[in-house]
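Trainee: Provided herewith is a single structure, encoded as structure tokens, for subsequent inquiry.
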Amino acid sequence: MAPGSASAHGASAGQGERRTAQQPYDAQDADAVPGRRADERRGADAASGWVAAMGAAGFWRHPLRWPFAGALVVGVAAALLCVWLNTPLPWIIGPLFGTAALRLAGVHLHSPVPVREAGQWAIGTALGLYFTAPVLAVLASRAGYIALAVAFALGLGWLCGLLLQKLTGTDRATAFFSMAMGGASEMAVQGERHGGDVQRVAAAHSLRVMMVVATIPFAVRYWSTHGMAAFPEPVAASAAATPGGTAAAGALATVGTAAGTAATAATSGGHLGGLLALIALTSIVALLFKKKGVPNAWVIGPLLATATLTACGIHLSSVPEWMVRAGQLSIGISLGTRFSPEFLRAAPRYIASVAICNVVALSLAAGFAGLLAWAAGIHGGTAVLATSPGGIAEMALTARTLHLGVPIVTAFHVCRMAVLVLTSGPIFRRTQQRI
């Protein structure tokens, strides 16, 4: 780690002690990674690099009184640029890379936790509207494939953790939780509980999310528009050739029909009263989930609440498209403002090794997705998004934008996150006992 220290609070609940650590990464809330306040105090003097060279340091210090306003302006401008460039997920990719670039240059930008949670609410609620009864029936028929994908994610994280340990010589806990395919906050907390370097764990997950968002949406859009079949030909042929071929073909057709019906329900209009009721109900569920310590409460809570209503045939309202875009903007700037100038300087060899491990993880996940698409008879792009080492919001939004299997992608990621959060700690302890 680079010289320098910042006073920081421990991330795990009930610890309460202070520790001193270099801050390579700017966390979005105190529960994720300690050191936010220390970073904010020194942020005003951090302008450097090309910002200072251009004589812009004075300009950027003034808006430090309103760091969120600055992040919002940068995020909207970057999003509009991506819209003009016709990139996938412009309202996430633009704000993410725009704010991250300025943060790495020393500009003090900040996204408050409530803003991020509001964005997560919009995304979780919009995704929940896809889970109609026919979609749930299709997902139930693919429960075995979901379990297989979860097992693959556990094995992939373990393998990449070993690789990271070999490349960097870091301790086992730091390497394991840096590569576990769970949420940044949850893995940072678990890493600290097991004696790992919480700063490095958080930095690794931040880089993972950035690399996934920078590659997967572009790759899937390219393949989806260059001849990727709705489902692989071998599956269609084998389904037709077997005695139960008619039923199998019907199941494959149901996937497309259910997805289309769900998309219509998710984007159909609603009235103000229904929207307000939906906001109130889903927000109450999110608050309850957060109080109980459920990971990603503002995504999972509204998603499950809305999915339950939708599956029961209760449609209060859709989520207006401007709310969905505002939610993407909030998530983009919250991801981008996590970075700080120390991110690259603190441990360059470690960051480079994490990048190598992420490339390996992405490659293996893509190969597994191809096998899953062939075996399960789902769209190749849907399989890639469902098994990629990305987050729920980013991957499900990519599926939504590209008109792929949103419910399948969401179900895979929700199940993976739940299992990882519950089992990562026990798996790590069990493997340590055998070493």
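The values are calculated or read from the model by the stated rules, or taken from the named source; none is laboratory data. From a predicted model like this one, the values you see are computed outputs, not experimental measurements. Note: ideal-geometry Cβ built from the backbone for every residue, glycine included; neighbour counts use all protein chains shown.
Trainee: Are there any pairs with C-beta distances below 6 angstrom linking a residue in region 346-361 that is surrounded by 15 or more Cβ atoms within 10 Å (Cβ to Cβ) to a residue that is among the basic types (Lys, Arg) and outside any helix (DSSP H, G or I), with the two at least 6 apart or on different chains, and if so which?
Mentor: Nothing qualifies.
Trainee: Please specify each residue of region 377-391 satisfying the condition of being crowded, with 24+ Cβ neighbours inside 10 Å and either of a type outside the set (Ser, Thr, Tyr) or part of a helix (DSSP H, G or I) (or both).
Mentor: If the condition is that a residue be crowded, with 24+ Cβ neighbours inside 10 Å and either of a type outside the set (Ser, Thr, Tyr) or part of a helix (DSSP H, G or I) (or both), then ILE378, HIS379, GLY381, THR382, ALA383, VAL384, LEU385, ALA386, THR387, PRO389, GLY390, GLY391 are the ones that fit.
Trainee: I've got another one for you. For SER141, are the conditions met, namely being within 30 Å of LEU281 (Cβ to Cβ), hydroxyl-bearing (Ser, Thr, Tyr) and surrounded by fewer than 24 Cβ atoms within 10 Å (Cβ to Cβ)?
Mentor: yes
Trainee: Of the conditions (1) modelled with pLDDT under 85; (2) surrounded by fewer than 24 Cβ atoms within 10 Å (Cβ to Cβ), GLY169 fails just one. Which one is it?
Mentor: Unmet condition: (1).
Trainee: Looking at (1) among the small types (Gly, Ala, Ser); (2) out of contact with any Ser or Thr (no Cβ under 8 Å at 6 or more places or on another chain); (3) buried (at least 24 other Cβ atoms within 10 Å of the Cβ), can you tell me which one ALA153 breaks?
Mentor: ALA153 satisfies every listed condition except (2).
Trainee: Out of curiosity, is GLY161 modelled with pLDDT of 85 or more, touching a Phe, Trp or Tyr at 6+ places or on another chain (Cβ under 7 Å), closer than 15 Å to PRO389 by Cα and surrounded by 20 or more Cβ atoms within 10 Å (Cβ to Cβ)?
Mentor: Here the answer is yes, as GLY161 does meet what is asked.
Trainee: Separate question: What number goes with the only condition from (1) over 30 Å from SER318 (Cα atoms); (2) hydrophobic (A, V, I, L, M, F, W, C); (3) in a helix (DSSP H, G or I); (4) at pLDDT 85 or above that ILE93 does not pass?
Mentor: The failed condition is (1).
Trainee: Read through the list (1) surrounded by fewer than 24 Cβ atoms within 10 Å (Cβ to Cβ); (2) in a helix (DSSP H, G or I); (3) in contact (Cβ under 8 Å) with a residue 60 or more places away in the chain, then give the number of the only condition that TRP322 fails.
Mentor: The failed condition is (3).
Trainee: Answer with yes or no whether THR99 is part of a helix (DSSP H, G or I) and hydroxyl-bearing (Ser, Thr, Tyr).
Mentor: Considered against the rule, which asks whether it is part of a helix (DSSP H, G or I) and hydroxyl-bearing (Ser, Thr, Tyr), THR99 comes out as yes.
Trainee: Okay, moving on. Collect the residues in region 175-191 that are within 17 Å of VAL212 (Cα to Cα) and hydrophobic (A, V, I, L, M, F, W, C), keeping them in residue-number order.
Mentor: Once the filter is applied, which keeps residues that are within 17 Å of VAL212 (Cα to Cα) and hydrophobic (A, V, I, L, M, F, W, C), region 175-191 yields MET179, ALA180, MET181, ALA184.
Trainee: Please enumerate the residues belonging to region 280-300 that are at pLDDT below 90 and either polar (S, T, N, Q) or crowded, with 24+ Cβ neighbours inside 10 Å (or both).
Mentor: Across region 280-300, the qualifying residues are ASN296, TRP298, VAL299.
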